[in-house]
Amino acid sequence: MAFLDHVLQPPAYGWKDAQGNLSKPTTGQIFKEFFSRLNIFATGKNWLPFFSWLKVLCFMPFFLLFLFKFMSLWMLLAAFLYSMIIMGTHGTIWHHRYCTHGAYKFRNNFWRFFTQNLTVNVIPEEIYVISHHVHHAKSDQPGDPYNAQAGFLYCFLADVNHQPIAKDLSEADYGRVKSLMKHTGIKANTYAQYLRWGSYANPGRSVLSWVLSWGFWYLAFYLMGGHALACTLFGAAGFWAVGVRTFNYEGHAKGKEKQREGIDFNKKDKSVNQLWPGIVAGEWHNNHHLFPKSARSGFKPYQVDMAWYYIKLMNKLGAITRYKDSKQQFYDQYYRPEVKLVPVVER
């Protein structure tokens, strides 16, 4: 736990107050921290959060073109499908279940690369993965990088204010960061490069990956439907990039006690199962906190889990060789239905 206590760069207002309780910064403190960490002129070590939000801003022209030039019923439907379902499900498949929790294993690097690049490049893996390990270790406690009890902005701007890794890790601790990231395929900075850039990822390689991803997908969308479809889907990706930053605030009930008997079985934190994120992205969040390493989190019959359907399909095709499915364990330990299910475990 000591490593997870200091692996993230603490905000100026700290994780805890003088009494050891959750520090709840004011709106002014949150914005001051946000803009100070985006200041690449103060230090080049701010490059990654700046880069993350630069991509969001670069989506804006596409979104405006969609709204004011290409809007139609069909384009609106395409935007809905791409932002709500495709982008959301891919985030669950790649960033959440694979990069962070290693819930399944690819046969080879080709299938990992294929899955990684199924959508437009948006979220840097490093910002998501390391902080998400901390989130699970300290869920709804001081130090949780997106603790909903500290308010909406605390969560919405967490990728800048709370999620980047610390800039002064020892070489041994940086080695532990590398061990948490190596399976993702993102090439690591050397320790000397980390001390210079303050990150696991290298800025040059990250920018190149971004340019190639956006170039490939814009061309692909253009060939499918011209500038109208390309701008629409890029605008939809930008809409998702902003909207996804609200998820953990909502997924932890806005910091309130809103768990429901018979629906939310994990009582160790405030996570809740929500119908909309579950259906469109497979994010049955309370189930996930029960079994974070499971490749499936939609356990009940009505809990649609499209991320799981992709993983299962890829397993049938031979692209994924192993996965963990905790559905039977959920039923045995928590739900206990009258009808005994066939066990599905490590494959």
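Where a number appears in this text, it was derived from the coordinates with a stated rule and is not lab data. Bear in mind that the values here come from a model prediction, so they are computed numbers and not experimental data. All Cβ positions, glycine included, derive from the backbone under ideal geometry; neighbour counts span all protein chains shown.
Could you derive backbone 3J(HN,Hα) for the stretch 157-163 from the dihedral phi with the Karplus parameters 6.51, -1.76 and 1.60 (θ = phi - 60°), listing whole Hz in sequence and x where the residue is Gly or Pro?
After applying 6.51 cos²θ - 1.76 cosθ + 1.60, I find 9, 5, 4, 9, 7, 10, 8 Hz.
Distance cut-off 26 Å, Cα to Cα: go down the list Lys55/Lys293; Lys55/Lys178; Lys16/Lys300; Lys105/Lys327; Lys167/Lys256 and report the pairs above it.
Values: Lys55/Lys293 30 Å; Lys55/Lys178 24 Å; Lys16/Lys300 38 Å; Lys105/Lys327 18 Å; Lys167/Lys256 33 Å.
From the list (Lys55/Lys293; Lys55/Lys178; Lys16/Lys300; Lys105/Lys327; Lys167/Lys256), the Cα-Cα distance tops 26 Å for Lys55/Lys293; Lys16/Lys300; Lys167/Lys256.
By how many nm would the segment from Lys258 to Lys24 lengthen if fully extended, with 0.36 nm per residue of separation less the alpha-carbon distance?
On the way: separation 234, 0.36 × 234 = 84.24 nm, distance 2.06 nm.
Contour length minus Cα-Cα distance gives 82.2 nm.
So which residue, out of Gln116, Gln19, Gln259, gets the largest mean-square fluctuation from a GNM of the chain using Cα contacts under 10 Å as springs?
So, out of Gln116, Gln19, Gln259, the one fluctuating most is Gln19.
Mind telling me which of Tyr98, Tyr334, Tyr218 comes out most flexible in a GNM of the chain, alpha-carbon contacts under 10 Å?
Ranking Tyr98, Tyr334, Tyr218 by mean-square fluctuation puts Tyr334 first.
Name the residues whose placed amide hydrogens come within less than 5 Å of the amide hydrogen of Ile320, ignoring near sequence neighbours (fewer than 5 apart) on the same chain.
Hits under the 5 Å cutoff: Arg107, Asn315.
How high is the FRET efficiency from Phe50 to Arg107, r the C-beta distance, R0 51 Å, rounded to 0.05?
On the way: r = 36 Å, r/R0 = 0.71.
That gives a FRET efficiency of 0.90.
Convex hull volume of the Cα atoms in the stretch 42-335, per residue, in Å³? Kindly include the intermediate steps, with their values, before the conclusion.
Details: hull volume 42.8 nm³, N = 294.
For the stretch 42-335, the hull spanned by Cα atoms encloses 146 Å³ per residue.
Between Thr43 and Met224, what is the spin-label point distance in nm, taking each point 7 Å from the Cα along the Cα→C-beta axis?
Between Thr43 and Met224, the label points sit 4.2 nm apart.
Quickly rank 261-272, 318-329, 138-149 as a protection proxy: mean count of other C-beta atoms within 10 Å, highest first. List each step's numbers first, then the result.
Working: 261-272: 16.7, 318-329: 18.5, 138-149: 21.3.
Per-residue mean Cβ counts within 10 Å order the peptides as 138-149, 318-329, 261-272.
Taking amide H atoms as placed 1.01 Å from N in the peptide plane, list the residues 5 or more away in sequence, or in a different chain, whose amide H sits under 5 Å from that of Lys16.
Placed amide hydrogens put Ser23 under 5 Å from Lys16.
Residue-wise, which Karplus ³J(HN,Hα) couplings in Hz belong to the stretch 230-240, taking 6.51 cos²θ - 1.76 cosθ + 1.60, θ = phi - 60°, and x for glycine or proline?
4, 5, 4, 6, 5, x, 5, 4, x, 4, 5
So, R0 is 41 Å and r is the distance between the beta-carbons of Leu77 and Val207; what FRET efficiency does that work out to, to 0.05? Before the final figure, lay out each step's value.
Details: r = 33 Å, r/R0 = 0.80.
After rounding to 0.05, the efficiency reads 0.80.
First measure r as the distance between the Cβ atoms of Ile85 and Ser179, then evaluate 1/(1 + (r/R0)^6) with R0 = 30 Å and state the FRET efficiency to the nearest 0.05. Working shown, then result.
Values: r = 33 Å, r/R0 = 1.10.
After rounding to 0.05, the efficiency reads 0.35.
HN-Hα J couplings of the stretch 168-182 from phi, Karplus 6.51/-1.76/1.60, θ = phi - 60°, integer Hz, Gly and Pro as x?
For the stretch 168-182, the Karplus curve yields 10, 5, 5, 4, 5, 5, 5, x, 5, 4, 4, 5, 6, 10, 4 Hz.
Using a/c under 1.5 as the rounded threshold, could you call the stretch 1-83 rounded, prolate or oblate? The axes a ≥ b ≥ c are square roots of the C-alpha gyration tensor eigenvalues, and prolate needs a/b larger than b/c, oblate otherwise.
On the way: a/c = 2.71, a/b = 2.20, b/c = 1.23.
It is prolate, given that a/c is not under 1.5 and a/b is the larger ratio.
Given the rule -39500 (n - 2.57) for each run of at least 4 DSSP H residues, summed and divided by the residues of the chain, what is its mean residue ellipticity at 222 nm, to the nearest 500 deg cm²/dmol?
Computed mean residue ellipticity for the chain: -14500 deg cm²/dmol.
What is the extension gain from Lys167 to Leu64, computed as 0.36 nm multiplied by their sequence separation minus the C-alpha to C-alpha distance, in nm to one decimal? Present the calculation step by step, with values, prior to reporting the outcome.
On the way: separation 103, 0.36 × 103 = 37.08 nm, distance 3.67 nm.
Once the chain is fully extended between Lys167 and Leu64, it gains 33.4 nm.
Given the options Asn286, Gly44, Gly102, identify the residue whose Cα lies farthest towards the positive end of the charge dipole of the chain (+1 on Cβ of Lys, Arg; -1 on Cβ of Asp, Glu).
The residue sitting farthest along the positive end of the dipole is Gly102.
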